[in-house]
Amino acid sequence: MKVIAKDRIWLSPPHMSGNEMKYIQEAIDGNWVAPVGQNVNAFEAGLEKHLKCNVAALSSGTAALHLALVILNVKRGDVVLCQSLTFAASANPIVYQGAVPVFIDSEKTTWNICPNALEDALKHYARKGKRPKAVIGVHLYGMPCMMDEVLFLCNKYGVPFIEDAAEALGSTYKGKMLGTFGEMGILSFNGNKIITTSGGGALLSNRSEHIKKAKFLATQARDEAPHYEHSQIGFNYGLSNISAGIGRAQLEVIDDRVKRRRSNFDSYYKKLKKFPGISFQNEPPDCFSNRWLTAILVDPEISNGIGREDFRLNLAKENIESRQVWKPMHLQPVFSKAPYFGGKVSEELFEKGLCLPSGSDLSKLDLMSICKNIDQVLT
């Protein structure tokens, strides 16, 4: 029996709480249609309460990461180490600053930055007398990277750690929210994230001076004066008060959104773990992932020659969106000349990995349709 999805099943669509228009209307009624206002203030305060750190709400996660590098005084010719298995936005801000991105392989457990490869890179640059200005680690699909090992290495070599927690709001390591461990962390509220402001992001830090500097830089670095005075280059990175209103309503339901995403993973795991050749991203002890996206690995050598593309294309025929795991940055044409440390773990994850529809409003019927579609390919 052929299973047909009548309406498109998206990978990770926005999921409104129902309160968004309340805050948007308040902004419009008060004429605060600007990158400042009560919604921005309240959204930042809500995030600070949830995360227990200082927060600057910004126009995107990319903007947040860019400001983190500016605050760390990353300049032309500096070296910044970055996880290779990630979205391009993790690496692009390095180039904005004229710095050199150096990519680091993943480890097989969490799929995140490999401590062994990271140490090789840190030793290499220590021998050259060129200390990297930062390490950017990513919590892929909401899964915490190996925080103890990575932080130990960063502290040992005196290199600040930036957490790219764009996909990881609501995830924790040893009970502490991701994004709050390193020198700075970043979040994304893009339309496909676990909560959204349509487009938006945030810079996080336990150091209030970093957040104060970020807010200054994000508003064109205007000095205190009765006229427009600028002593350094700034950026237009503020978050709209309208968008922040969406974020306020979304933040009210963050615990439910995490619960639903994790429920999706549990359902996929129960239905698909029986098939030879299919495995999942592991959640080690002390880690709690929001399971923003459920990702599987498909090994053709065990699944009778059936690979990731067989599943993706068959799902697409039924109007079901799925997506390959991120293509590693060191394989991207734009970064083809960048240094790389590690083996082929990230390459193998890309070749075998597939992200399944994981929206917090994914119905049980749609999830069943997806699993039946995968079953058809295998049987």
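Report, by residue number, each residue of the stretch 132-189 that is among the aromatic types (Phe, Trp, Tyr) and either at pLDDT below 95 or touching a helix residue (DSSP H, G or I) at 6+ places or on another chain (Cβ under 9 Å) (or both).
Phe152, Tyr157, Phe161, Tyr173, Phe181, Phe189
Quick check on my filter: what residues within the stretch 245-283 are under 21 Å from Thr110 (Cβ atoms) and among the aromatic types (Phe, Trp, Tyr)?
Across the stretch 245-283, the qualifying residues are Phe265, Tyr268, Tyr269, Phe280.
If I filter the stretch 277-293 for residues that are of a type in the set (Ser, Thr, Tyr) and over 30 Å from Asp78 (Cα atoms), do I get at least one hit?
Within the stretch 277-293, one or more residues are of a type in the set (Ser, Thr, Tyr) and over 30 Å from Asp78 (Cα atoms).
Return the residues of the stretch 232-242 that are touching a residue at least 60 places away in the same chain (Cβ under 8 Å) and either buried (at least 24 other Cβ atoms within 10 Å of the Cβ) or under 17 Å from Thr62 (Cβ atoms) (or both); say none if nothing qualifies.
Within the stretch 232-242, Phe235, Asn236, Tyr237, Gly238, Leu239, Ser240, Asn241 qualify.
Mind listing whichever residues of the stretch 259-277 are among the hydrophobic types (A, V, I, L, M, F, W, C) and either without any contact (Cβ under 8 Å) to a residue 40 or more places away in the chain or in a helix (DSSP H, G or I) (or both)?
Phe265, Leu272
Among the residues of the stretch 318-345 satisfying the criterion of being assigned to a loop (DSSP other than H, G, I, E, B) and of a type in the set (D, E, K, R), which is nearest to the chain's Cα centre (by Cα)?
Lys327
Yes or no: Leu315 crowded, with 19+ Cβ neighbours inside 10 Å and assigned to a helix (DSSP H, G or I)?
yes
Report every pair of residues separated by at least 6 positions or lying on different chains whose Cβ atoms are under 7 Å apart, first residue within the stretch 8-31 and under 16 Å from Asn264 (Cβ atoms), second of a type in the set (Lys, Arg).
Short answer, once both residue conditions are applied: Leu11/Arg323; His15/Arg257.
If you check Ile302, Ile246, Ile278, Ile296, which single one turns out to be of a type in the set (A, V, I, L, M, F, W, C) and in the same structural domain as Leu51 (by TED's automatic domain parsing)?
When all the criteria are applied, what remains is Ile246.
When the stretch 362-379 is examined, which residues are found to be over 15 Å from Asp266 (Cα atoms) and not in a helix (DSSP H, G or I)?
Of everything in the stretch 362-379, just one residue is over 15 Å from Asp266 (Cα atoms) and not in a helix (DSSP H, G or I), namely Thr379.
The values are calculated or read from the model by the stated rules, or taken from the named source; none is laboratory data. Remember, predicted model here, so these are calculated numbers, not experimental data. For neighbour counting, all protein chains shown are included, and Cβ atoms are generated from backbone atoms with ideal geometry for every residue, glycine included.
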